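Visitor: If you scroll down you'll find the structure; I have some questions about it.
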Amino acid sequence: MGGKEAFSEKLDSMFYSSSKPEVKTLVWNIHRTMGQYWHGNEPCHHVPYLYKYTGQGYKTDRIIKTLVDDYYHNRPDGLMGNDDCGQMSAWYMFSSLGFYPVNPCGGEYIIGAPQVEEAVINLPNGKQFTVTATKLSDENCYVQTVTLNGALLKRNYITHDEIIKGGELVFDMGSQINNN
């Protein structure tokens, strides 16, 4: 893609394009887009998280907040797409927790931006994995730091094995963009 900066620019051109997607066959009815990005097309759900690989992870944080706030509602037409096999709901749950399986076979979850102050996952082994977002608000939507079991996380992912062991993932949120 030409390096991190060039890749980020390509993502920007998708999310912030003034033109909207066009479907020539009229088979799909496209509702609500962010530039050329259509969240109702499940195969592209990982795309907002790709900024986390460019050194401009704050762009992921802002897009996740926008998608959760504007594209998911508690009503019969509350999803902006077809929830094939629960993928749109799964995206919402993972994104609300603050991590997402960009590569679902790799055993890693890229760090996103949580949308809930606290959540507890009861694991099949009897343990719990708790996610906490301190200072989370509409203004404080950017991840500042992340700790896993009290240790500063110096990478942009957690592993499935770390989750299964139980513990606590704490996001410190703030209003300042952070190139996480």
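Since every read-out is calculated from the coordinates, none of them should be taken as a lab result. In this text the structure is predicted, and so the values were computed from the model without any measurement. Glycine gets a Cβ as well: all are built from the backbone with ideal geometry, and neighbour counts include every protein chain shown.
Visitor: Just from its helices, what would the mean residue ellipticity at 222 nm be for the chain, if runs of 4 or more DSSP H residues each count -39500 (n - 2.57) and the sum is divided by every residue, rounded to the nearest 500 deg cm²/dmol? Could you put the intermediate results ahead of the total?
Guide: On the way: 4 runs with 43 residues, N = 180.
Value at 222 nm, helices only, nearest 500: -7000 deg cm²/dmol.
Visitor: For the chain, what does the relative contact order come out to in percent, with C-alpha contacts under 8 Å and a separation of six or more?
Guide: Averaging sequence separation for qualifying contacts and normalising by length gives 18 percent for the chain.
Visitor: If you take the square roots of the eigenvalues of the alpha-carbon gyration tensor of segment 54-148 and sort them as a ≥ b ≥ c, do you get rounded (a/c under 1.5), prolate (a/b over b/c) or oblate? Could you put the intermediate results ahead of the total?
Guide: Details: a/c = 1.37, a/b = 1.08, b/c = 1.27.
Rounded is the answer for segment 54-148, as its axis ratio a/c remains below 1.5.
Visitor: On to the next question. By the gyration tensor of its Cα atoms, with a ≥ b ≥ c the square roots of the eigenvalues, what is the shape of the chain: rounded for a/c under 1.5, prolate for a/b over b/c, or oblate? Write down the numbers at each step before the final one.
Guide: On the way: a/c = 1.77, a/b = 1.39, b/c = 1.27.
It comes out prolate by the Cα gyration axes.
Visitor: Further question on the same structure: Less than 13 Å Cβ to Cβ from GLY78, Lys/Arg counted +1 and Asp/Glu -1: what total charge do the surrounding residues give?
Guide: Values: positive: ARG32, ARG75; negative: ASP69, ASP70, ASP77, ASP83.
For residues surrounding GLY78, the net value is -2.
Visitor: Distance in nm between label sites at ASP84 and ARG62, each 7 Å beyond Cα in the beta-carbon direction?
Guide: 3.0
Visitor: OK, next. If you count the DSSP beta bridges with both ends in the chain, what percent of them are antiparallel, to the nearest 5?
Guide: Values: 20 of 26 bridges.
Among the beta bridges of the chain, antiparallel pairing accounts for roughly 75 percent.
Visitor: Here is a follow-up. Taking square-rooted eigenvalues a ≥ b ≥ c of the alpha carbon gyration tensor, is segment 114-162 rounded, prolate or oblate, where a/c under 1.5 means rounded and, failing that, a/b exceeding b/c means prolate?
Guide: Details: a/c = 2.56, a/b = 1.42, b/c = 1.80.
It is oblate, given that a/c is not under 1.5 and a/b is not larger than b/c.
Visitor: Continuing with the same structure: Residue-wise, which Karplus ³J(HN,Hα) couplings in Hz belong to segment 58-66, taking 6.51 cos²θ - 1.76 cosθ + 1.60, θ = phi - 60°, and x for glycine or proline?
Guide: 4, 5, 4, 3, 5, 5, 4, 4, 4
Visitor: Lys and Arg at +1, Asp and Glu at -1: add these up for the other residues within a Cβ distance under 13 Å of MET88 and post the number. If you can, show how the numbers build up before the last one.
Guide: Numbers: positive: ARG32; negative: GLU42, ASP77, ASP83, ASP84.
Taking every other residue near MET88 into account, the sum is -3.
Visitor: Residue by residue through segment 36-53, what is 3J(HN,Hα) from phi via Karplus (6.51 cos²θ - 1.76 cosθ + 1.60, θ = phi - 60°)? Round to whole Hz and write x for glycine and proline.
Guide: Each residue of segment 36-53 in turn: 8, 7, 10, 5, x, 9, 3, x, 9, 4, 6, 4, x, 6, 5, 4, 5, 9 Hz.
Visitor: How charged is the neighbourhood of HIS39? Take every other residue with its Cβ under 11 Å from the Cβ of HIS39, and add Lys/Arg as +1 and Asp/Glu as -1. Spell out each step's value before the answer.
Guide: On the way: positive: ARG32; negative: GLU42, ASP70.
Taking every other residue near HIS39 into account, the sum is -1.
Visitor: Please compute one quarter of the surface area of the Cα convex hull for segment 141-180 and express it in square nanometres. Numbers along the way, then the final one.
Guide: Values: hull surface 11.6 nm².
If you wrap the Cα atoms of segment 141-180 in a convex hull and average its projections, you get 2.9 nm².
Visitor: Just tell me the longest site-free run in the chain, where the sites are GluC sites (Glu not before Pro) in a DSSP loop having at most 12 other beta-carbon atoms within 10 Å.
Guide: Working: sites that count: GLU22, GLU139.
Here the longest run is 23-138.
Visitor: Can you tell me the 0 to 90 degree angle between the C-alpha axis of helix 4-15 and the longest principal axis of the chain, rounded to 10?
Guide: In the chain, helix 4-15 runs at an angle near 60 degrees to the longest axis.
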